[in-house]
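Structure first, then comments.
The values are calculated or read from the model by the stated rules, or taken from the named source; none is laboratory data. The shown structure was predicted, so the numbers you read here are calculated from the model rather than taken from an experiment. Counting neighbours? That spans all protein chains shown, and the Cβs are built from the backbone with ideal geometry, glycine included. For accessibility, only protein heavy atoms count, side chains too; no ligands or nucleic acids. Shrake-Rupley method; radii C 1.70, N 1.55, O 1.52, S 1.80 Å.
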Amino acid sequence: CVILPLIVTDSIILNAVYQQEINSTKYDMEYIAGVYQNYFENMLSSDVTLAESVNMNPKINAFVIKDFKTEYDFYDEYTQVIYDSFLETTSGLNRNSIVIYADNESILDSQFVKKLSRVYTQKWYQDFIKSDRKDLISAYYDVNETSEFRSKRKFYYIKRMDYESESGIGKLVVIGHDSSTLQSNLKSFNSKYPAYVIIDDYVVFSTLGD
C-alpha cells in the first residue's frame with residue numbers, strides 16, 4: 001500500500017520533468033529557427049534595397065548601354081562610375097559580390113561590370129530566365145562553375161534592371177554571397193542544434209559544414 005503511491009508519484013514527477021524538457025527543447029529550437037530566419041530575411045532585404053539602388057542609378061544605366069570604341073574609353077569612364085556609385089565600398093563591407101551584366105559586347109569584363117553573354121550557360125541565369133520573374137534567389141552546388149568565390153555553393157539574388165528600357169539592352173544586377181561567410185555567421189549564433197537552410201529541397205547551407 002505504501003509502494004504503489006511512491007511509484008505513481010515518481011512516475012508523475014518523471015513525466016513532468018520529461019515534458020518540461022520537451023517543451024524547453026521545442027522553445028529553444030523555435031527560437032534559434034527564428035534567429036536564422038531573421039538573419040536571412042535581413043540579408044535578402046538588404047539585397048533588394050541594394051539591387052534597386054543600382055537599378056535606379058542613371059549613371060550606371062547609361063554606362064552599361066554605351067557603345068565603347070576603345071578599352072581606354074571604357075576604363076576611363078568605368079573608374080568614375082564605380083567611384084560615384086560606391087559599389088566597391090558596399091561590396092567590401094558586406095563581403096559579397098555585386099555584378100552588373102549587360103547585353104553589350106563593347107563593354108569589358110571587370111569586377112563590377114561584365115558581358116551578359118559570358119553567363120548564358122550558368123545555372124543561376126538559366127533559373128532566372130525560366131522563372132520569367134523580375135527578381136529571383138538562386139542557390140545550388142556546382143563543382144564546375146567558376147565565380148567570384150572559391151566555394152562551390154552558390155547563393156545569388158538576381159534582379160532585372162528595368163529603369164531604362166528604351167535601349168533594348170538587357171541588364172541584370174546580381175548579388176552573390178560568399179558561402180563561407182554565411183556559414184560562419186550562422187555558426188556565430190552558438191546554437192547546440194544544427195541548422196539547415198533549404199531552398200527547393202536543396203540544402204544550401206548547414207552549420208555542420210559541407
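Listed values, structure above:
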| quantity | calculated |
| --- | --- |
| Inter-residue pairs, beta-carbon under 7 Å, first basic (Lys, Arg) and in segment 170-192, second part of a helix (DSSP H, G or I) and at pLDDT below 75, 6+ apart | none |
| Residue satisfying all of: in segment 32-52; over 17 Å from the mean Cα position of the chain (by Cα) and small (Gly, Ala, Ser); modelled with the highest pLDDT among these | Gly34 |
| All positions within segment 168-182 that are more than 12 Å from the chain's Cα centre (by Cα) and crowded, with 19+ Cβ neighbours inside 10 Å | Lys171, Leu172, Val173 |
| Residue under evaluation Met161, criteria (1) at pLDDT below 85; (2) within 30 Å of Asp76 (Cα to Cα), criterion not met | (1) |
| Close pairs from segment 35-49: first closer than 15 Å to Val197 by Cβ and open to solvent by 30 Å² or more (accessible area, probe 1.4 Å), partner charged (D, E, K, R) and part of a helix (DSSP H, G or I), Cβ under 9 Å, at least 6 apart | none |
| Yes/no for Ser11 being part of a helix (DSSP H, G or I), modelled with pLDDT under 90 and open to solvent by less than 90 Å² (accessible area, probe 1.4 Å) | yes |
